[in-house]
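J.: Attaching a single structure in structure tokens format; questions to follow.
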Amino acid sequence: MSYPLFVKRDIDGFFGLAIDNLIQLILIVSFCKTLCGMPDVLIFGIILPGAAISILLGNLFYSWQARRLAIKAKRDDITALPYGINTVSLFAFIFFIMLPVYQDTKDPYLVWKVGMIACFLSGVIEMLGALIGEKLRRITPRAALLSTLAGIAITFISMDFAFKIFEKPVIALFPLALILVQYFSKVRFPLGLPGGLIAICAGTGLAWLLGYMDSESIIRADGIFHFSPPRFKGGDMIGLIHSKYILQYISIIIPMGVFNVIGSLQNIESAEAAGDKYRTFPSLMANGIGSVIASLFGSCFPTTIYIGHPGWKAIGAKGGYSILNGIFITFLCLTGLITITLKVIPIEAGLGILLWIGIVIVAQAFQETPKHHAMAVAVGLFP
């Protein structure tokens with residue numbers, strides 16, 4: 001049985017997952033700088049390299065996991081679980097933990113250390129959740145897991161990115177049309193080129209031709225454009241373990257850790273509904289270990305199994321898209337070239353892929369559950 005390391009459709013999957021990860025990195029840079037007063041040397045020199053090592057290792061693991069499952073099941077259509085920084089935890093940690101600490105102390109380095117501890121504890125909770133994750137999946141109806149996942153897909157993926165697409169329709173709608181034409185109707189483009197690649201190129205070309213991009217801003221781009229390797233920072237957390245801020249915000253850290261466990265369970269169930277049955281324990285354990293590693297190397301933001309596996313599978317991506325994403329995001333984090341990337345390629349050019357992912361997830365909630373559970377699925381969309 002042959003399971004290739006890369007296929008053409010991995011390029012489509014890579015663009016979608018990389019754009020999603022890139023958005024999280026942009027939010028980290030923006031929030032840490034403007035809300036928490038962190039200097040560039042801390043953001044680009046420590047936090048992003050720390051996030052990079054966890055993202056790289058996690059993507060490599062889930063790609064290997066997909067290959068192992070493919071060999072065991074004797075199938076060549078297995079898709080790796082998507083993985084990256086947890087969006088909801090990012091917002092929760094910034095606005096409910098790190099920002100209040102900064103407002104209280106005006107010390108960005110204390111804020112960073114508190115964020116690292118929060119990330120570490122979240123990872124520990126995820127690892128503990130791996131011990132009971134399979135049991136939770138067995139006793140929870142699929143409709144309950146998939147419907148809430150669909151609600152997240154509508155709110156945080158489909159609608160959010162739909163608004164962004166219509167904000168700049170001149171450069172975003174044409175790439176969206178290319179994506180929908182290929183992914184829905186399976187139209188084959190010349191030379192078998194992936195729809196995602198064509199959409200990105202078309203959107204980028206339109207943006208530059210129509211004057212939406214500014215070449216001068218590339219020269220003025222902020223950031224530290226040199227290699228910053230990950231550095232172990234676990235020792236910086238030791239003195240703050242008993243800090244009043246950790247005790248004060250443990251009521252945020254524990255629920256967010258539990259939320260990450262439940263969210264990962266939902267995504268594993270979604271992958272199984274799409275045809276890829278991954279074991280719960282190693283999937284959740286790797287997720288928790290990723291968050292712990294991120295914290296030990298200076299990141300304040302836990303990682304998670306991403307929403308969207310059915311979409312990547314429908315595209316035809318396998319394990320290679322995960323490897324490509326890990327390498328690309330690591331390169332950006334270690335070199336500080338995040339902001340300049342968005343000054344060359346408009347993010348609107350690739351939002352159609354993420355909109356497609358949201359559509360597939362919502363459809364799956366109804367398609368992969370019993371017909372008489374449809375009312376429960378509909379109810380699960382709203383909370």
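The values are calculated or read from the model by the stated rules, or taken from the named source; none is laboratory data. Just so it is clear, the structure is predicted and the values come from calculations on it, not from any experiment. Cβ: placed from backbone, ideal geometry, glycine included. Neighbour counts: every protein chain shown. In case anyone asks, the SASA skips ligands and DNA or RNA and just uses the protein heavy atoms, side chains included. Shrake-Rupley method; radii C 1.70, N 1.55, O 1.52, S 1.80 Å.
J.: With of a type in the set (Phe, Trp, Tyr), assigned to a helix (DSSP H, G or I), farther than 27 Å from ARG231 by Cβ and modelled with pLDDT under 95 as the only criterion, which of PHE15, PHE6 stands out?
T.: PHE15
J.: Only one residue in PHE156, PHE174, PHE161 is assigned to a helix (DSSP H, G or I), of a type in the set (A, V, I, L, M, F, W, C), touching a residue at least 12 places away in the same chain (Cβ under 8 Å) and within 30 Å of ILE250 (Cα to Cα). Which one?
T.: Exactly one residue qualifies, and that residue is PHE156.
J.: Still on this structure, I have one more. Counting just the residues of segment 32-63 that are under 30 Å from ALA317 (Cα atoms) and of a type in the set (Phe, Trp, Tyr), which one comes out surrounded by the most Cβ atoms within 10 Å (Cβ to Cβ)?
T.: Only one residue fits best here, namely TYR62.
J.: Looking at ILE329, ILE293, ILE353, which is the one that is part of a helix (DSSP H, G or I), at pLDDT 90 or above, open to solvent by less than 40 Å² (accessible area, probe 1.4 Å) and hydrophobic (A, V, I, L, M, F, W, C)?
T.: Within the list ILE329, ILE293, ILE353, the selection yields ILE329.
J.: Look through ILE179, ILE198 and report the one residue that is without any contact (Cβ under 8 Å) to a residue 40 or more places away in the chain, in contact with a helix residue (DSSP H, G or I) (Cβ under 6 Å, 6 or more places away or on another chain), farther than 30 Å from PHE44 by Cβ and aliphatic (A, V, I, L, M).
T.: From the options ILE179, ILE198, the qualifying one is ILE198.
J.: Continuing with the same structure: Tell me, please, whether a residue that is crowded, with 16+ Cβ neighbours inside 10 Å, over 20 Å from the mean Cα position of the chain (by Cα) and closer than 11 Å to MET237 by Cα can be found in segment 117-138.
T.: yes
J.: Something else: Taking interchain pairs and intrachain pairs at least six residues apart, which have beta carbon atoms under 6 angstrom, with the first residue in segment 66-77 and surrounded by 14 or more Cβ atoms within 10 Å (Cβ to Cβ) and the second modelled with pLDDT of 90 or more and not in a helix (DSSP H, G or I)?
T.: ALA66/ILE78; ALA66/ALA80; ALA66/GLY319; ARG67/GLY319; LEU69/ILE78; ALA70/ILE78
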